[in-house]
Structure formats: structure tokens, C-alpha cells
1. Across the range 1-20, what is the number of residues that are in a helix (DSSP H, G or I) and surrounded by fewer than 16 Cβ atoms within 10 Å (Cβ to Cβ)?
2. If the Cβ limit is 8 Å and pairs must be 6+ apart or interchain, which residue in the range 23-44 that is assigned to a helix (DSSP H, G or I) pairs with which residue that is modelled with pLDDT of 95 or more and open to solvent by 80 Å² or more (accessible area, probe 1.4 Å)?
3. Return the residue satisfying two criteria in turn: it lies in the range 60-114 and is in contact (Cβ under 8 Å) with a residue 12 or more places away in the chain and β-branched (Val, Ile, Thr), and of such residues it is nearest to Leu21 (Cα to Cα).
4. Can you tell me which residue among Ala101, Ala67, Ala40 is over 23 Å from Glu8 (Cβ atoms) and out of contact with any helix residue (DSSP H, G or I) (no Cβ under 9 Å at 6 or more places or on another chain)?
5. Any idea which of (1) more than 20 Å from the chain's Cα centre (by Cα); (2) loosely packed, with under 11 Cβ neighbours inside 10 Å is the one Lys46 doesn't satisfy?
6. Give the residues of the range 21-43 that are closer than 18 Å to Val2 by Cα and either open to solvent by 90 Å² or more (accessible area, probe 1.4 Å) or among the acidic types (Asp, Glu) (or both), sorted by residue number.
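The values are calculated or read from the model by the stated rules, or taken from the named source; none is laboratory data. Quick caveat: nothing in here was measured; it's all calculated off a predicted structure. Here the Cβ is made from the backbone with ideal geometry for all residues, glycine too, and neighbour counts use every protein chain on show. Ligands, DNA and RNA are excluded from the accessible area calculation, which covers all protein heavy atoms including side chains. Shrake-Rupley method; radii C 1.70, N 1.55, O 1.52, S 1.80 Å.
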Amino acid sequence: MVKVRAYELRTKTKTDLLRQLDALKTELSTLRVAKVTGGAASKLAKIGVVRKSIARVLTVYNQTTKAKLKEKFAGERFVPIDLREKKTRAIRRRLTSEQLAKKTVKQTKKDNYFPQRKYAVKAA
């Protein structure tokens, strides 16, 4: 098999990707048998290419499934943990902007009774 390209894989459907994955895995097993039986050097070199191709197929497959799941859960109230934004632990625990902007009743009364003074600066 020829080296698999990721951009070509992205156009394929889920079943096509799985079919190609099975084909690559069977090819890898035959190459490994050839390695044990003392096959040609070209076959031995091909093992690495096939392994990388399997990795590419699996990567594209997982990326597409994750993208579809993100579409499905967009706008939902609860989202699975692996689909949530990672950010950092501190940012995730930080108060939201709405929570930060909230004031107590006492503070709102203070602000109303004692508004910020406005000063006029004389132009020189």
C-alpha cells in the first residue's frame, strides 16, 4: 500500500476508514510474518510505513467522531468532560463575569448614596 495522506482520509466516511484500518492491520500482520520468516529488506522497511498509516487513519477517525460529538452537544447545558474546554484548572474555577459584577444590597445602597465625585480640571 502507498503512504496514506490525512487530507485524503478526511473526505472518507466512517465505514471506509474502518475498512481501510482493517486492511492496513492485515497487511501489518503479513509483514510481521515475513519478518519472522526472513523476508526481503523492502518488506521490513514497509512495517514502519504501515504502522504510521494505521496511526493516521485512527487519528482522523477519532478527530471526526469528536468533532461530530462537539456539534451534537453545542448549546447543551451539560457537556461530557472530554468535550469541555480544557483551559487551566484556575481558570475553570474562576468566578464568571456575571458573578464578579454582582453586588450586595448594602454595597448598591452605598454606591447610590455616595456616588463618585466629578471634578472639573481647569485647562491652562
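1. Adding up the residues that qualify gives 8.
2. Leu28/Arg51
3. Val60
4. Every option except Ala101 fails the conditions.
5. Single failed check for Lys46: (2).
6. Quick first cut of the range 21-43, residues closer than 18 Å to Val2 by Cα only: 21-32, 40-43.
Correct list: Asp22, Lys25, Glu27, Arg32, Lys43.
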